[in-house]
Amino acid sequence: MAIRQIRVIPDPVLRTPCDEVRSITPAVRELVRDLLDTVDDPGRAGLSANQIGVGLRVFSYNVDGKIGYMINPRIVERSGEQYGDEGCLSLPGLWYKTRRADYAKARGIDLDGNEIVLEGRGIMGRMLQHECDHLDGHVFIDRLEKDERRKAMIYLREHPFQTTRL
C-alpha cells in the first residue's frame, strides 16, 4: 500500500496540464495503485495524478462505495446543472458553492487498454468534471462565480498553504 502526499496550492504541478499516457508501463501500473490507495479514505471522492506530483492524465475515484480509476479521461457529454458545495484535497478546508453540469460522461481506458466509460449525476458528475479539470491544470476555485472567487482568493492570500499534506 502506498499512500502518497497530496500537493497543495500554490504547487505549480497543479496548474500544469497533464500529459496523455502513451503506453501502460510498470510505472503507470504503480501510479494507478498509488492513486487507488490514496483515494481510499473517507471524504475523498477523487484524486488526480498531478495532486500527487505526477503529470500524467490519470485519476482515481471513491464515490458511493465504488473505487476505481480512469486513464486519459475526457469529458464527452454534460447536461443539466447543479450548484453546491465543492472542496478539494489540494485546497484543504476550503468549500465554496460551485456551478457544474449535473450529469457528466467521461471516456478513457483501463490498464489493459480497453475503453471505459464513467458517467453519473450529482456527486459522480461533479467528481468527473473536477478531476478532469485537475488534469487540464485547473482547480475548482477557477470555476467560482465572481464574488465567491474573490472571497477564495482573499483567503488564499491571507492563509497560504505551506506544505504538502497526506
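None of the figures in this text is laboratory data; all of them are computed from the coordinates on show. Given the structure is predicted, the values throughout are model-derived calculations rather than measurements. Neighbour counts are summed over all protein chains in view; Cβ atoms, including those assigned to glycine, are modelled from backbone coordinates with ideal geometry.
For the chain, a simple Cβ point-charge model (Lys and Arg +1, Asp and Glu -1, everything else neutral) yields a dipole of about 380 debye relative to the Cα centre. Cross-link partners for LYS105 among the lysines, with Cα-Cα distance under 23 Å and sequence neighbours closer than 8 places in the same chain left out: LYS66, LYS97. Of all stretches in the chain that contain no GluC sites (Glu not before Pro) in a DSSP loop with at most 12 other Cβ atoms within 10 Å, the longest one is 82-144. Helical content of the chain, expressed as a calculated mean residue ellipticity at 222 nm, amounts to -8000 deg cm²/dmol (DSSP H runs of 4 or more residues, -39,500 (n - 2.57) each, divided by residue number, nearest 500). Cα axis of helix 122-135 to longest principal axis of the chain: angle in degrees, 0 to 90, nearest 10? Once rounded, one gets 80 degrees. Between GLY113, GLY53, GLY122, the residue with the greatest mean-square fluctuation in the GNM of the chain (Cα pairs under 10 Å linked by springs) is GLY113. In this simple spin-label approximation, VAL117 and GLU81 carry label points 7 Å from Cα along the Cα→Cβ vector, and these lie 2.7 nm apart.
Classify the chain as rounded, prolate or oblate from the Cα gyration tensor: take a ≥ b ≥ c as the square roots of its eigenvalues, call it rounded if a/c is under 1.5, otherwise prolate when a/b beats b/c and oblate if not. Here the chain falls in the oblate category. Starting at the first residue of the range 96-111, write each ³J(HN,Hα) from the Karplus equation 6.51 cos²θ - 1.76 cosθ + 1.60 with θ = phi - 60°, in whole Hz, x for Gly and Pro. Calculated HN-Hα couplings, in order: 9, 5, 10, 8, 9, 5, 6, 10, 9, 10, 10, 10, x, 10, 9, 5 Hz. Treating the angle as unsigned and between 0 and 90°, give the value, to the nearest 10°, between the Cα long axis of helix 26-39 and the longest Cα principal axis of the chain. Result, in degrees: 40. Loop-located trypsin sites (Lys or Arg not before Pro) in the range 1-35 (DSSP state not H, G, I, E or B) with no more than 12 neighbouring Cβ atoms inside 10 Å: ARG22.
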